[in-house]
Amino acid sequence: MYITNYITGTVIRGLGNGHKFGFPTANVQPDFPVSLEKGAYAAWIKYDGKRKKAMLYVGTRPTLNLHELTYEIHVIDANPMLYGKHIAFKPVYKLEEEKKFRTQKGLITALNDYKCTAKSLLASSYSHVLTPRLDDIDDVMKIIGQAKRRMKEQGLDQWQDGYPDEETIRNDKRKHQAHIVRKWFETAAYAAIVFGEDPYYENIDGKWLSDGEPYVVVHRLAVGDKYLGLDLAKHLLKFAERKARSRNVKWFRIDTHPDNIPMGNLIRDFGFSLCGTVQVRGGMRLAYEKQVSPF
Ligand SMILES: Cc1cc2nc3c(=O)[nH]c(=O)nc-3n(C[C@H](O)[C@H](O)[C@H](O)COP(=O)(O)O)c2cc1C
């Protein structure tokens, strides 16, 4: 699985063999050294302000008995003139290892197969929110472990006492409040979306916006290391909001550790207002609330 940022580079003159195969490619000279394994990838390419589905090949073209490492991009279902342009590309899924095909026909058959797979992969939405199956719980615990480690590294004393443990997550699942984000077939993030009164929110030092009305809460929000910076936490908040809307629940509450800056920023960006502080498992937390947006 390859979740990288966009890699930029300039399109340089290639040997032009790709045209003969029906798969013209842009040979890219990356701006900075990149470390990508050799092979074929489904990828996004950005050029002229557009983003298009593409395939990336990293390799030496052994089928043609060539030896120089190249980065080649084939834009799917388009044949733009890219020579000399500055472009950006992002491999998202490794389709196959590099191979030395016995014939050019073999290479072309493989390229057609890669294209079908790449198209369907890139067409499917980036991330999906699902309820985890029992055999997803190990992955969820890995993500939570990574989040705990990051908090420890940042000197945060949140989630450093064993919470949330596997029993907490199994309990979330039993109560149908466990949710995961699946991205490129991997479990990438976790959150518990909880309806009903939260005992920790009964006593607030401050004032909630809503008064006695039903609300939804997101707890135990964690994103895996590889998936940071992809807005998956926001994705889960949006999903919770959509769920609340479908149940006609008009309020959304959340809390976070006062020193958890990224979470605080996310919460405020999402439109929450600070309402006060609450005591959660013996620790002080900032308590936020917002009205569920109507769309
Ligand atoms: C997605 C993709 C995968 C490829 N995989 C291989 C491969 O496994 N082995 C190989 O020898 N060439 C592979 N090729 C490279 C072709 O050999 C290459 O596109 C062709 O030689 C054209 O290169 P040129 O435009 O520099 O002449 C692949 C190309 C693409 C677009």
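The values are calculated or read from the model by the stated rules, or taken from the named source; none is laboratory data. Every value quoted in this text rests on a predicted model; they were computed, and no experiment measured them. All Cβ positions, glycine included, derive from the backbone under ideal geometry; neighbour counts span all protein chains shown.
One table, with the values for the structure above:
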| read-out | value |
| --- | --- |
| Criterion violated by Met55 - all others in (1) more than 7 Å from the ligand (Cβ to nearest atom); (2) within 21 Å of the chain's Cα centre (by Cα) satisfied | (1) |
| Check on Ile7, among the aliphatic types (A, V, I, L, M) and within 11 Å of the ligand (Cβ to nearest atom) | no |
| Residue within segment 258-265 that is of a type in the set (A, V, I, L, M, F, W, C), out of contact with any strand residue (DSSP E or B) (no Cβ under 7 Å at 6 or more places or on another chain), in the same structural domain as Asp136 (by TED's automatic domain parsing) and modelled with pLDDT under 95 present | yes |
| Members of segment 13-32 found to be more than 20 Å from Val92 (Cβ to Cβ) and either within 10 Å of the ligand (Cβ to nearest atom) or within 24 Å of the chain's Cα centre (by Cα) (or both), listed by number | Arg13, Gly14, Leu15, Gly16, Asn17, Gly18, His19, Lys20, Phe21, Pro24, Asn27 |
| Which listed residue is more than 16 Å from the ligand (Cβ to nearest atom), out of contact with any strand residue (DSSP E or B) (no Cβ under 6 Å at 6 or more places or on another chain) and at pLDDT 95 or above, from Gln146, Gln154 | Gln146 |
| Of residues in segment 185-197 being buried (at least 17 other Cβ atoms within 10 Å of the Cβ) and in contact (Cβ under 8 Å) with a residue 40 or more places away in the chain, the one farthest from Asp165 (Cα to Cα) | Phe195 |
| Any hit, segment 89-97, residues being of a type in the set (Ser, Thr, Tyr), over 24 Å from the mean Cα position of the chain (by Cα) and not assigned by TED's automatic domain parsing to the domain that holds His219 | no |
